[in-house]
Amino acid sequence: MAKRDVPPRWDRKMQQRLARGEAAALGELYDRFASLVHGLAHRVLDDERAADHITRDVFAHVWEHPDAYDPRQGPLRTWIATLTHRFAVQRLRATETAALVRGGAGTAEELETKVRHASVAARADYIVQSMPAPLRAALELAYFQRRDYRQTAADLGVTEDEARRRLRLGLQLLSTARDAGTAQHPPGAPPGYGGAA
């Protein structure tokens, strides 16, 4: 097995601990990923209580099915984000479909458009949270503080070429959220982690 195919040690150990039923492992996992899970769920559902339910459901699923995670397929973080996305999209579809059945406004097409938009937004959030700090810092300066690449370079203490490179790479990563279109899992998730949500 090539070095790049070896899963991170923490991910392997965490999966083994969960498989042995160590409650402390679930606590550590929750501490590490709860904000990611809740944030992605909230981004898809736009509902605090629903995001709380999805957070509980995701960690319950991880606790009950630790062997569903295959460390060779990718990082634990990506698997958990994929579960979150899948559960949140399922809940959004169920909630919106129930509203349509009760005679609510909208059509099935509008529902799918809403699901697609929520999915793209969640993928973009995941990408931003996962990107290296230097790229994220450059994008935050450019977007939130309206800095151009020269100002960004000065603020970060890097060359203008480096600032342009960071902005370009960050924007290229973000564009994959939109380009993923109908994909049902975060970009960078290994094959088999997605599937229809």
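Here is a check on your reading of the model: is Gln151 touching a residue at least 40 places away in the same chain (Cβ under 8 Å), open to solvent by 40 Å² or more (accessible area, probe 1.4 Å), assigned to a helix (DSSP H, G or I) and over 17 Å from Leu45 (Cα atoms)? Step through it out loud before you land on a result.
Details: touching a residue at least 40 places away in the same chain (Cβ under 8 Å): no; open to solvent by 40 Å² or more (accessible area, probe 1.4 Å): yes; assigned to a helix (DSSP H, G or I): yes; over 17 Å from Leu45 (Cα atoms): yes.
Considered against the rule, which asks whether it is touching a residue at least 40 places away in the same chain (Cβ under 8 Å), open to solvent by 40 Å² or more (accessible area, probe 1.4 Å), assigned to a helix (DSSP H, G or I) and over 17 Å from Leu45 (Cα atoms), Gln151 comes out as no.
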Return the residues of the stretch 40-76 that are farther than 19 Å from Glu22 by Cβ and surrounded by 18 or more Cβ atoms within 10 Å (Cβ to Cβ); say none if nothing qualifies.
Leu40, Ala41, His42, Arg43, Val44, Leu45, Ala51, Ile54, Thr55, Asp57, Gly74, Pro75
Candidates Ala25, Ala19 - the one that is small (Gly, Ala, Ser) and surrounded by 18 or more Cβ atoms within 10 Å (Cβ to Cβ)
Ala25
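Please verify whether Pro132 is open to solvent by 60 Å² or more (accessible area, probe 1.4 Å) and out of contact with any strand residue (DSSP E or B) (no Cβ under 8 Å at 6 or more places or on another chain), treating the condition exactly as stated.
Working: open to solvent by 60 Å² or more (accessible area, probe 1.4 Å): yes; out of contact with any strand residue (DSSP E or B) (no Cβ under 8 Å at 6 or more places or on another chain): yes.
When the stated conditions are applied, Pro132 passes them.
Restricting attention to the stretch 77-92, and to residues there that are touching a Leu at 6+ places or on another chain (Cβ under 8 Å) and of a type in the set (Lys, Arg), which single residue is least open to solvent (accessible area, probe 1.4 Å)? Even if it seems obvious, please write down each step before you answer.
If we filter the stretch 77-92 for residues that are touching a Leu at 6+ places or on another chain (Cβ under 8 Å), which is where we start, we get 77, 80-81, 84-85, 88, 91-92.
Going one step further and asking which of them are of a type in the set (Lys, Arg), we end up with 77, 91.
Working: Arg77: 70, Arg91: 86 Å².
Of everything passing the filter in the stretch 77-92, Arg77 is least open to solvent (accessible area, probe 1.4 Å).
The values are calculated or read from the model by the stated rules, or taken from the named source; none is laboratory data. It should be emphasised that the depicted structure is a prediction, and the values quoted were computed from it without experimental measurement. Because the Cβ atoms are built from the backbone with ideal geometry, glycine has one as well, and the counts that use them run over all protein chains shown. Remember, those area values only see protein heavy atoms, side chains included, never the ligands or the DNA or RNA. Shrake-Rupley method; radii C 1.70, N 1.55, O 1.52, S 1.80 Å.
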